[in-house]
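Asker: Submitted below is the structure of interest, expressed as C-alpha cells.
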Amino acid sequence: MTFISIFARSKKIFMSNTPQKLKHQQVQYLEFLSRDLEKVKTFYTAAFGWVFTDYGPEYTAFEGDFVDGGFTIGAPLKGSILVVLYSQDLEGTRTNVINAGGVISKEIFAFPGGRRFQFLDPDGYELAVWSL
C-alpha cells in the first residue's frame, strides 16, 4: 500500500496546514521507510519526544513545530527518504524545477488535502512539492 492510498483511505489530512508550517518552497514533510513501525515509533518517541498518529497498519505520521513526517513499511535504502516541500504556487515551482534542470518523475496529482508533484534533482534524488 502506498502513502497516497493510505492517505486517501484515512480521510484525514495529516499534512499540517498551520501558517507557521507553510513556508514557500521550504521543506515541510519528510517520509521514511521502516522495517518495523512499532520499533521506529518507540525510538523517535524516546529520543525526541515525537508523537505519532497511525493511518492504517503500514503508515504512521509525526508532527513537529515546523516539519512533519511519516514512516511507511519498506526496506530503508540510501536515498529512500522522500523530502516534501511546500509551495504557494505549485505550477510555478514545477516550472522552476524544470528550468533548473530537474526531471519531473510524477506529474501534478491531487490527494486529500492538496496536490503535489515529484522530481529528480541532478544527483537523482527524488523530492516532492505539495500545495493546498
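What follows is calculated from the coordinates using simple rules that are stated; it is not laboratory data. Everything numeric in this text was worked out from a predicted model, so none of it was measured. No Cβ is skipped: glycine too gets one built from the backbone with ideal geometry, and neighbour counts run over all protein chains shown.
Asker: Within the range 63-109, list the trypsin sites (Lys or Arg not before Pro) lying in a DSSP loop whose Cβ has at most 15 other Cβ atoms in a 10 Å radius. Kindly include the intermediate steps, with their values, before the conclusion.
Answerer: Numbers: sites: 78, 94, 106; in loops: 78.
Within the range 63-109, the qualifying trypsin sites (Lys or Arg not before Pro) (loop, at most 15 other Cβ atoms within 10 Å) are 78.
Asker: Ok, one more. Please give the net charge around residue 87, taking every other residue with its beta carbon less than 12 angstrom from that of residue 87, where Lys and Arg add +1 and Asp and Glu add -1. Working shown, then result.
Answerer: Numbers: positive: 23, 94, 115, 116; negative: 89, 91.
Around residue 87, the charge tally is +2.
Asker: I need the phi-derived Karplus couplings for the range 82-98: 6.51 cos²θ - 1.76 cosθ + 1.60, θ = phi - 60°, integer Hz, Gly and Pro marked x.
Answerer: 9, 7, 10, 9, 9, 9, 7, 9, 4, 5, x, 5, 4, 4, 4, 4, 4
Asker: Is the range 12-132 best put as rounded, prolate or oblate by its Cα gyration tensor, with a ≥ b ≥ c the root eigenvalues, rounded for a/c under 1.5, and otherwise prolate when a/b is larger than b/c, oblate when not?
Answerer: prolate
Asker: If amide H atoms are built 1.01 Å from N in the plane of the peptide, which residues on other chains or at least 5 residues away come under 5 Å of the amide H of residue 68?
Answerer: 29, 30
Asker: Count charges around residue 30 for me, please; just the other residues with Cβ under 12 Å from its Cβ, Lys/Arg as +1, Asp/Glu as -1.
Answerer: Local charge sum for residue 30: -3.
Asker: Here is a further query. Rounded, prolate or oblate: which one fits the range 80-125, using the alpha carbon gyration tensor with axes a ≥ b ≥ c (rounded when a/c is under 1.5, else prolate when a/b beats b/c, else oblate)? Don't skip to the end; give the middle numbers.
Answerer: On the way: a/c = 1.97, a/b = 1.29, b/c = 1.53.
Here the range 80-125 falls in the oblate category.
Asker: Taking H placed 1.01 Å from N in the peptide plane, check which residues at least 5 places from residue 25 or on another chain put their amide H under 5 Å from its amide H.
Answerer: Amide H neighbours of residue 25, under 5 Å, 5+ apart: 86, 87, 88.
Asker: Tell me the relative contact order for the range 31-132 as a rounded percent, counting alpha carbon contacts under 8 Å between residues six or more apart. Present the calculation step by step, with values, prior to reporting the outcome.
Answerer: On the way: 168 pairs, mean separation 24.2, N = 102.
It rounds to 24 percent for the range 31-132.
Asker: Could you please report the charge total around residue 51, scoring K, R as +1 and D, E as -1 over all other residues with beta-carbon less than 10 angstrom from its beta-carbon?
Answerer: Numbers: positive: 41; negative: 63.
Computed value for this residue: 0.
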